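The values are calculated or read from the model by the stated rules, or taken from the named source; none is laboratory data. Fair warning: this is a prediction, and the values are worked out from it, not measured in the lab. In this analysis, Cβ positions are derived from the backbone assuming ideal geometry, glycine residues included, and neighbour counts consider all displayed protein chains. These accessible areas exclude ligands, DNA and RNA; they are computed on the full protein's heavy atoms, side chains included. Shrake-Rupley method; radii C 1.70, N 1.55, O 1.52, S 1.80 Å.
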Amino acid sequence: MNHIIPINNEIAAILPIYTASGNSTQLLLTNGEEISSPLKAATIIRRLAYRQTIDLLALKAKAAQITQSTIWQPLVLAPDLVLVPLKTRNPKISGDATGGYINFPHIVSIKSIEKSTRLHLTGNHFVTSLWKLTTVQMHLRQAHLFLLNEAFTKDRTQLLQDKLLCMWLENPSNNFAELLRIYAMNRI
């Protein structure tokens, strides 16, 4: 069975979920839709990397080198597909994936809720990370660090070094998607 994966800029999040049929993946789209896939999140990530002609192992090794972290690395697959890993569920069975991926450009805001963090994404989706706000912010900073060191294109480097991104990182309550739109209107 061929499972179609949406184009990069339509993906807001890739989350492991439990369904009646077992372990599955939910794709949250920027238009507000949700797609359930029987594929595991790791399989979808591999297919996205393949689609971009990226060696996923090499990308993870580079991310580990840049972020000084050996696990939970951000995955920069394209300028519009920057996947930030976050713990989104507790496993029911040992070996089940606990981490989902949020597409960095589609984070609208983040908010601390007790011992977890709630992320508002494009498409009016809300995702809860089981990590505290400080841990989520650390992973967002690591994604930003990787982006600044990764120069797939000259445009990407210019975009990522722009003051708007820095403004959002300093105050994550800013609407990142809106900042990117403002940036695009002024720079393109």
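For R118 and D55, what does the FRET efficiency come to when R0 = 35 Å and r is the distance between their Cβ atoms, rounded to the nearest 0.05? Display every interim value, and only then the final one.
Working: r = 34 Å, r/R0 = 0.97.
In this case the efficiency is close to 0.55.
Using a simple spin-label model with points 7 Å from Cα along the Cα→Cβ vector, what separation in nm is obtained for Q65 and I7?
3.3
Can you give me the accessible area per residue for region 1-116, using a 1.4 Å probe, in Å²?
52
What order, most packed first, do the peptides 5-14, 80-89, 51-60, 129-138 have when packing is the mean number of other Cβ atoms within 10 Å of each residue?
Values: 5-14: 20.4, 80-89: 21.9, 51-60: 13.3, 129-138: 17.0.
In descending order of packing, they fall as 80-89, 5-14, 129-138, 51-60.
With the cut-off at 23 Å, tell me which of the pairs K62/K111; K40/K87; K87/K111; K60/K87; K40/K92 have Cα atoms farther apart than that. Mind dumping the intermediate values first?
On the way: K62/K111 30 Å; K40/K87 15 Å; K87/K111 15 Å; K60/K87 18 Å; K40/K92 15 Å.
The pairs that break the limit, which is 23 Å between Cα atoms, are K62/K111.
Order the peptides 118-127, 36-45 from the highest to the lowest mean number of other Cβ atoms within 10 Å of their residues.
118-127, 36-45
How far apart, in nanometres, would the label points at K92 and E34 be if each is projected 7 angstrom from Cα along the Cα-to-Cβ direction?
The modelled label-to-label distance comes out at 1.6 nm.
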